[in-house]
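Here is the structure we will look at, set down as structure tokens.
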Amino acid sequence: MGVLNVTPDSFSDGGRYFDAGTAIAHGLQLVAEGADVVDVGGESTRPGARPVDADEERRRVVPVIAALAPHVRVSVDTRKVAVAEAAVDAGATLVNDVSASLWPVAAARGVGWVAMHMQGTPETMQVRPHYDDVVAEVGALLAERAATARAAGVEEVWVDPGIGFGKTGAHNLALLRELRRLAAIGEPLLVGTSRKGFLGQLTGGAPVGDRLEASLATAVWAMAQGAAMVRVHDVAPTLQAARLVGEDVVLQEAS
Ligand code: HH2
């Protein structure tokens with residue numbers, strides 16, 4: 001899943017693809033690099049981000065989704081019913097929902113749904129994240145939401161631990177270490193580590209533009225631990241790294 005942020009303020013690429021034409025061109029580039037899904041978002045959910053008005057968010061994402069949908073599967077990264085509905089009308093077939101609350105839209109429109117775990121809201125989620133057992137608590141919430149969505153008639157449900165969403169570095173690492181427990185929920189697992197802050201902490205303070213290696217390592221780790229999809233900014237390098245590890249053929253040829 002390639003990330004396409006049509007925002008002025010996303011943490012790693014804010015402002016780069018804010019113009020619709022530039023965003024569409026970048027989306028097509030992600031497709032050329034091999035993305036199976038392009039995830040279009042019009043509201044940053046980085047720590048401390050201010051919510052965006054629904055009309056403004058819709059205005060940002062709809063033209064981009066409409067232009068990309070004939071070329072690739074498009075997901076919409078939103079927390080808002082109105083935006084999700086407009087995105088589906090424009091051609092999106094997957095609702096990527098960091099609030100894990102929009103399953104009724106997916107059920108009503110017959111599209112897929114990603115339930116992502118977040119503690120709190122982006123504005124305050126990193127203030128003092130707390131869990132007694134982060135893996136158990138995240139897993140329980142995701143399992144409960146997935147079951148609710150299935151009961152409501154959603155036929156395609158993904159679960160995502162929400163790396164960095166109300167989690168300390170230690171929480172993120174515990175979740176990554178035990179992804180297999182989340183895969184055992186029985187729904188396909190999506191994981192997003194790309195360029196995130198905890199990778200900066202782990203690499204001795206690498207700035208956001210210097211986290212490719214850490215992003216690749218964690219993406220490959222996630223796939224090896226059962227993730228069915230990873231959400232990344234750098235599609236071509238991720239695909240190359242994934243193929244190297246995933247295809248026995250390549251390793252056999254090299255040995
Ligand atoms: N991470 C971000 C946004 N959406 N969706 C899912 N399912 N999983 C994630 O880990 C996830 C997500 C944050 O990354 P980004 O979109 O690059 O930044 P911003 O929120 O600042 O736009």
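The values are calculated or read from the model by the stated rules, or taken from the named source; none is laboratory data. On a predicted model such as this, the values are computed, not experimentally measured, just so you know. Using ideal geometry, Cβ is built from the backbone for each residue, glycine included, and neighbour counts are taken over all protein chains shown. Just the protein is used for accessible areas: all its heavy atoms, side chains included, with ligands, DNA and RNA removed. Shrake-Rupley method; radii C 1.70, N 1.55, O 1.52, S 1.80 Å.
Odds and ends about this structure:
- Residue in the range 230-255 that is modelled with the lowest pLDDT, counting only those that are under 30 Å from Gly41 (Cα atoms) and open to solvent by 70 Å² or more (accessible area, probe 1.4 Å): Val245
- Test: residue in the range 55-67 that is within 25 Å of Asp19 (Cβ to Cβ) and small (Gly, Ala, Ser): yes
- Some residue of the range 173-184 being within 14 Å of the ligand (Cβ to nearest atom) and of a type in the set (Asp, Glu): no
- Matching option when the condition is in contact with a Leu (Cβ under 8 Å, 6 or more places away or on another chain) and either under 20 Å from Glu56 (Cβ atoms) or among the basic types (Lys, Arg) (or both), among Val83, Val88, Val95, Val138: Val95
A quick yes/no check of all residues on (1) open to solvent by 40 Å² or more (accessible area, probe 1.4 Å); (2) farther than 17 Å from Trp158 by Cβ; (3) out of contact with any Asp or Glu (no Cβ under 7 Å at 6 or more places or on another chain):
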| position | (1), (2), (3) |
| --- | --- |
| Asp36 | yes, no, yes |
| Asp53 | yes, yes, yes |
| Val64 | no, yes, yes |
| Thr93 | yes, no, yes |
| Asp97 | no, no, yes |
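- Among the residues of the range 146-168, those identified as crowded, with 22+ Cβ neighbours inside 10 Å and either under 15 Å from Leu102 (Cβ atoms) or among the hydrophobic types (A, V, I, L, M, F, W, C) (or both) are Ala149, Val154, Val157, Trp158, Val159, Asp160, Gly162, Ile163, Phe165.
- Of residues in the range 156-172 being in a helix (DSSP H, G or I) and not hydrophobic (A, V, I, L, M, F, W, C), the one farthest from the ligand (Cβ to nearest atom): Gly169
- Conditions (1) within 17 Å of the chain's Cα centre (by Cα); (2) away from the ligand (no atom under 13 Å from the Cβ); (3) surrounded by 21 or more Cβ atoms within 10 Å (Cβ to Cβ); (4) not β-branched (Val, Ile, Thr); number of the one not met by Asn5: (2)
Residue-by-condition table, conditions (1) within 27 Å of Gly48 (Cα to Cα); (2) over 19 Å from the mean Cα position of the chain (by Cα):
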position: Thr148; (1), (2): no, yes
position: Phe165; (1), (2): yes, no
position: Ala170; (1), (2): yes, yes
position: Ala184; (1), (2): no, yes
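- For the range 77-107, a residue qualifies if it is acidic (Asp, Glu) and within 13 Å of the chain's Cα centre (by Cα), and the qualifying residues are Asp77, Asp97.
- Selection of the range 104-155 for residues being within 14 Å of the ligand (Cβ to nearest atom) and assigned to a loop (DSSP other than H, G, I, E, B) yields His117, Met118, Gln119, Thr121, Pro122, Glu123, Met125, Gln126.
- Contacts under 9 angstrom Cβ, first residue in the range 11-37 being part of a helix (DSSP H, G or I), partner open to solvent by less than 30 Å² (accessible area, probe 1.4 Å) and at pLDDT below 95, 6 or more apart: Ala23/Tyr17; Ile24/Tyr17; Ala25/Tyr17; His26/Asp13; His26/Tyr17; Gly27/Tyr17
- Number of residues in the range 13-34 that are modelled with pLDDT under 95, among the small types (Gly, Ala, Ser) and either open to solvent by less than 30 Å² (accessible area, probe 1.4 Å) or touching a strand residue (DSSP E or B) at 6+ places or on another chain (Cβ under 8 Å) (or both): the value is 1.
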